[in-house]
Amino acid sequence: RKEVEQDPGPFNVPEGATVAFNCTYSNSASQSFFWYRQDCRKEPKLLMSVYSSGNEDGRFTAQLNRASQYISLLIRDSKLSDSATYLCVVNMPSFQKLVFGTGTRLLVSP
Amino acid sequence: GAVVSQHPSWVICKSGTSVKIECRSLDFQATTMFWYRQFPKQSLMLMATSNEGSKATYEQGVEKDKFLINHASLTLSTLTVTSAHPEDSSFYICSATLGGLEDTQYFGPGTRLTVL
């Protein structure tokens, strides 16, 4: 089983749609979780950290389910500028490193 | 705040030459820097973790003699790809943290290396 798994997509949605991504992780000892956004041929940029109680930042909502070991990202009212690859990132405490998922590609069309 | 720069942003070199990539934290002191590599349509893969003043910790499968890392100061880490070959062509990205793995990682803009 991969350490971090994501559906690669692409998810094709119209502007204004709501879209959700899930990510599963294998190490139950992981404590830190993040969603990063990566545009084509660019570096990843932190979108938001994911907290146990769930957190919201504008149109973006992240949730963590420790029992099932998955993380979700919900994007409401999609904009064209949301088109990007969304990376799920989890820390691996026993190896002291962050592990990146392969990313989920989102395409928002007019 | 928390800006990380990389230089060069892209480089093309002949097979067999060495290439040095610099990673700088511009407005903070980075106790730890990380070097990643990303091949097309693949995830970022951690190559090594670099702490200022000590030897880098390399991930399994990454040749330490081929990818030389130097973290001489709290604001600068360098990655040298020695005797580069076409299979080393990739997107190399560094990141830096303020302290400890739990801190957010701030990424540099990446360096695209093409080896002919």
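The residue of segment A:18-38 that is nearest to the other protein chains (Cβ to nearest Cβ), among those that are loosely packed, with under 15 Cβ neighbours inside 10 Å and modelled with pLDDT of 95 or more, is A:20. Out of B:12, B:21, one residue alone is aliphatic (A, V, I, L, M), surrounded by fewer than 16 Cβ atoms within 10 Å (Cβ to Cβ) and farther than 22 Å from residue A:37 by Cβ. It is B:12.
Within segment B:68-95, being modelled with pLDDT under 90 and either in contact with a Leu (Cβ under 7 Å, 6 or more places away or on another chain) or in a loop (DSSP other than H, G, I, E, B) (or both) holds for one residue alone: B:74.
In summary, strands (runs of 3 or more DSSP E) completely within segment A:32-110 and bearing 3 or more residues that are in contact (Cβ under 8 Å) with a residue 60 or more places away in the chain and touching a Ser or Thr at 6+ places or on another chain (Cβ under 6 Å) occur at A:84-92, A:104-109. Residues in segment A:84-109 that are surrounded by fewer than 18 Cβ atoms within 10 Å (Cβ to Cβ) and modelled with pLDDT of 95 or more were compared, and the one that is nearest to residue A:11 (Cα to Cα) is A:107.
Scanning segment B:57-67 for residues that are closer than 21 Å to residue B:18 by Cβ and part of a strand (DSSP E or B), we see that the one that is nearest to the other protein chains (Cβ to nearest Cβ) is B:58.
Of the residues A:8, A:44, the single one that is of a type outside the set (Phe, Trp, Tyr) and surrounded by fewer than 16 Cβ atoms within 10 Å (Cβ to Cβ) is A:8.
The values are calculated or read from the model by the stated rules, or taken from the named source; none is laboratory data. Bear in mind the structure is a predicted one, so any value in this text is a computation, not a measurement. So basically every Cβ, Gly included, is an ideal-geometry build from the backbone, and we count neighbours across all protein chains shown.
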